[in-house]
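In what follows, a single structure is set out as structure tokens and then discussed.
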Amino acid sequence: MINKKMADLGNQPSVIREIFEYSLRRKAEIGAENVYDFSLGNPSIPAPKMVDDTIKELVESGDSVALHGYTSAQGAMPVREQIAANINARFGFPASAKNIYITCGAAASLTSTLKAVVNDGDEVILLAPYFPEYNVFCANAGAKTVVVLGKGDNFSLDFDALDKAINKNTSAIIVNSPNNPTGAIIPESDIIKLASLLNKKSQEFGRAIYIIADEPYRELTYGDDVPYIPTFYNNTVVCYSYSKSLSLPGERIGYVFVSPNCDAAADLFAAVCGAARSMGYVCAPSLMQRVIAKCDGETSDVSLYNKNRELLYNSLTEIGYKAVKPQGAFYLFMKALEDDANAFCEKAKKHELLLVPADSFGAKGYVRISYCVAYDTIKNSIPAFKALFEEYKDR
Ligand code: PLP
């Protein structure tokens, strides 16, 4: 018999995907240049030249059997060593290859980590607004999710709410900075406060409470620093991805790094290996493993996203829309012009503006605008944003 839960999940498209599918149909009808599609977080900037050069070099090296062969389940040791060396060099943090598990992007890193730390009856805290797939990943691990909405215009950490939400069943909290969908970076002072709260609660409840640091946007910043969470909190597992930093989302490559300071770090790493194995995430794509060994630390040309960010933020706020300037990633989180963000997005559609209502991100009354698009798409969309704003003025 078919597993109904899985069939339901497979049949249930995400809101983002639905809008993207609509955009394909609409572009076929009226021409791609007339549709302003801000739905997907698909990098619009090519991978650094070094990525393509490395692929060519590897393919031409002649050792094709080794290149395309299995590596060990956790990833090739020289690649894990290189990643650990880079963590040491970049963050002054003592990483070692034995705590690194290479896998298929942040999605596989998160599902493996969640499965490794969740036991029956456990809860995982999501800081809203959050990446909607967290719900699916937590359900897969058997965790109940507890949503804690951020405070103020920038959805900063609400420590009072967190204090109330953490209980004897709390296993982990997912921290995503820079954030999808707000683009906010959690400042060091808040990470320190969070670490202190979690240490207090861990002691009170006699259990480890993990920070799962979801970091696909770490390199996409526009001037602000992103604190390296393992430096501030021992029980941290970093889920890193090259999808956005190297513009390689289709190549499915990233890693889990279990901080050596975690309680029983070796057992936790074994649990990550076991969880990944149970879902078939063994031996991440071999060619890509070798590519990242060479290109870890490189970044796509983020200045192009920054140009988009400046144009979009300045134009929208000049028109009168309300948004906080994103510090990282490539999303702008804007207040809808009515309480019902879905209704607002339907009206935006009439102006060929495809925006994502943020209800599924755990925050009502907002929309997410992905600005990883061509600069001209943003430039040409501004009159449509103006017309949409005018429509609400008349109401
Ligand atoms: N986490 C967040 C916050 C994301 O936005 C995404 C993708 O958009 C992922 C995880 C999954 O990334 P990956 O492509 O590396 O699996």
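Just to be sure I understand the curve: with the Debye formula and one point per C-alpha of the chain, what is log10 I(q)/I(0) at q = 0.12, 0.13 Å⁻¹? Listed by q, the Debye log ratios stand at -0.98, -1.14.
In this calculation the C-beta distance from GLU338 to LYS144 is compared with R0 = 41 Å, giving a FRET efficiency of 0.80.
A simple packing score, the average count of other Cβ atoms within 10 Å per residue, orders the peptides 88-94, 233-239 as 233-239, 88-94, with the highest score first. For segment 69-295, pairs of C-alpha atoms spaced more than 24 angstrom apart make up 38 percent of the total. Separation of segment 320-335 and segment 25-95, taken as the distance between their Cα centroids, equals 27 angstrom. Full extension of the chain between ALA85 and ASP120 yields a length gain of 9.0 nm, computed as 0.36 nm times the residue separation minus the alpha carbon distance. You can think of it this way: the chain between SER278 and ARG25 has 87.3 nm of extra reach, that is 0.36 nm per residue less the Cα-Cα gap. Per-residue packing, averaged as other Cβ atoms within 10 Å, sorts the ranges 321-334, 64-77, 364-377 into the order 321-334, 364-377, 64-77, beginning with the highest. Using a probe of 1.4 angstrom and keeping all protein chains present, the accessible surface of the chain works out to 44 square angstrom per residue. A straight chain from LEU9 to GLU346 at 0.36 nm per residue would run longer than the Cα-Cα distance by 118.9 nm.
The apolar share of the surface of the chain, taken as the fraction of accessible area on carbon and sulfur atoms (1.4 Å probe, ligands and nucleic acids excluded), comes to 51 percent. A cut-off of 5 Å between modelled amide H atoms, ignoring neighbours fewer than 5 places along the same chain, links SER156 with LYS151. Given R₀ = 41 Å, FRET efficiency for LYS325-VAL65 by Cβ-Cβ distance, to 0.05? Efficiency computed from Cβ-Cβ geometry: 0.20.
The values are calculated or read from the model by the stated rules, or taken from the named source; none is laboratory data. Predicted model, so just to flag it, every value in this text is computed and none were measured. Backbone-built Cβ (ideal geometry, glycine too); neighbour counts: all protein chains shown. Only protein heavy atoms, including side chains, enter the accessible area calculation; ligands, DNA and RNA are left aside. Shrake-Rupley method; radii C 1.70, N 1.55, O 1.52, S 1.80 Å.
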